[in-house]
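These notes are about the structure you will find just below.
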Amino acid sequence: MKERIKATVALIISIVTIAILFHISNFEVSLSILRTLDYKFLAIAFLLQVFFWLLWALRLKVITKALGSDIDYRYSLITTLSSMFFAAITPSSAGGEPVRVKMVADVCKSYGTASAAILIERLLDAIFFVISLPILVILTGFYVGLGFKVAGVFSLFLLSFISLLYTLLKSPKKIEKFIGVMCKYLKRFLKGRTDEIMNKLVSEALNFRSALIDILKSKSYACVMFLLTIVMWLLGFLIPSFILLAMHLPPYFLFSITAQVIIVVVSLIPLTPGSSGIAEGTMAYLYSSFVPQSALGVLVAIWRAITYYTNLFFGFLVSLKIIKD
């Protein structure tokens, strides 16, 4: 029930924002654009989103295989779609990770290993954004100041996180000490099970550490995972260009991809469920520099329908099936 309420709130915020964009764009002109859409390009745009899901699921399967806990591809796809629903109804997409950790842990029988797999996913994405954004900004000259600021702040957070993670995990004794201190402060809430819970946490933390080390040592798997990450995101970032083609406008491939990277990073700001309102507003702002204002409402509405509403719809259906099973 709570999930439905969150999804409804996210949809309302998104639809209201798009309605405002339609009003600003001139509603009559927007309707005219909708009537003349070339649906073959919209079909391609939707297929790109499908391939985005399929490649994400394949990457998760490759990661778990590298950790010695190979999962079935169908199960990996179900995990991916279900987690995308929860990511779409939580700020900063934070709800997707716990779902993937739980579902992967059900197969590999270790929350430490499952957590490492999902962390690797996020690190691969982050590294891709940190590398690609400055390169794209330099190539296109698109919003150079904003692009470098976004890349700089994101890089700072990423480096800080990696540094903290390395400091914590470089020694098993540090892990035990950290968990021991944590359990000491939480002793009143553990109801006499402090030692039992501490041992379990230490065991899973060591599994987590071991899994990360295994991934870092496996150069061939690391290359495959990063290649999948590049292709996956590039396909997703091509969607607006094909929507523009459907609207009989130039695709602006490089400008659009650059804008998409900025939008993804900005959307990580934990303000609204699924970044509703933020994603639409940021896209309208960035694309207004090369797309006619009269087309912005239609562009943002179709883009959000393909990349966000489909995550909600198909993710919800998959999640319902999991619950029933």
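The values are calculated or read from the model by the stated rules, or taken from the named source; none is laboratory data. Source: prediction; values computed, not measured. Heads up, the Cβs are rebuilt from the backbone with ideal geometry, glycines too, and the neighbour counts pull from every protein chain shown.
When Leu317, Leu296, Leu245 are screened for being more than 26 Å from Phe157 (Cβ to Cβ), at pLDDT 95 or above, of a type outside the set (Phe, Trp, Tyr) and in a helix (DSSP H, G or I), only Leu245 passes.
If we scan segment 92-100, do we find a residue that is part of a helix (DSSP H, G or I), of a type in the set (D, E, K, R) and buried (at least 22 other Cβ atoms within 10 Å of the Cβ)? Yes, because at least one residue in segment 92-100 is part of a helix (DSSP H, G or I), of a type in the set (D, E, K, R) and buried (at least 22 other Cβ atoms within 10 Å of the Cβ). Among the residues of segment 287-325, those that are farther than 16 Å from Phe22 by Cβ, aliphatic (A, V, I, L, M) and touching a helix residue (DSSP H, G or I) at 6+ places or on another chain (Cβ under 9 Å) comprise Ile306, Leu312, Leu317, Val318, Ile322. Checked against the criteria, Gly281 does not count as at pLDDT below 90 and on the phi > 0 side of the Ramachandran plot. The single residue among Ile257, Ile230 that is in contact with a Phe, Trp or Tyr (Cβ under 7 Å, 6 or more places away or on another chain) and under 15 Å from Trp53 (Cα atoms) turns out to be Ile230. Report yes if Leu268 is among the hydrophobic types (A, V, I, L, M, F, W, C), surrounded by fewer than 22 Cβ atoms within 10 Å (Cβ to Cβ) and not in a helix (DSSP H, G or I), otherwise no. It is true that Leu268 is among the hydrophobic types (A, V, I, L, M, F, W, C), surrounded by fewer than 22 Cβ atoms within 10 Å (Cβ to Cβ) and not in a helix (DSSP H, G or I). Considering segment 9-33 alone, what residues qualify as being of a type in the set (Phe, Trp, Tyr) and within 8 Å of Gly297 (Cα to Cα)? Result: Phe22, single match.
If the condition is being surrounded by fewer than 14 Cβ atoms within 10 Å (Cβ to Cβ) and in contact (Cβ under 8 Å) with a residue 60 or more places away in the chain, then segment 136-177 contributes only Leu139. Hey, among the residues in segment 58-76 that are without any contact (Cβ under 8 Å) to a residue 24 or more places away in the chain and part of a helix (DSSP H, G or I), which one's surrounded by the most Cβ atoms within 10 Å (Cβ to Cβ)? Once the filter is applied, the top-ranked residue is Ser76.
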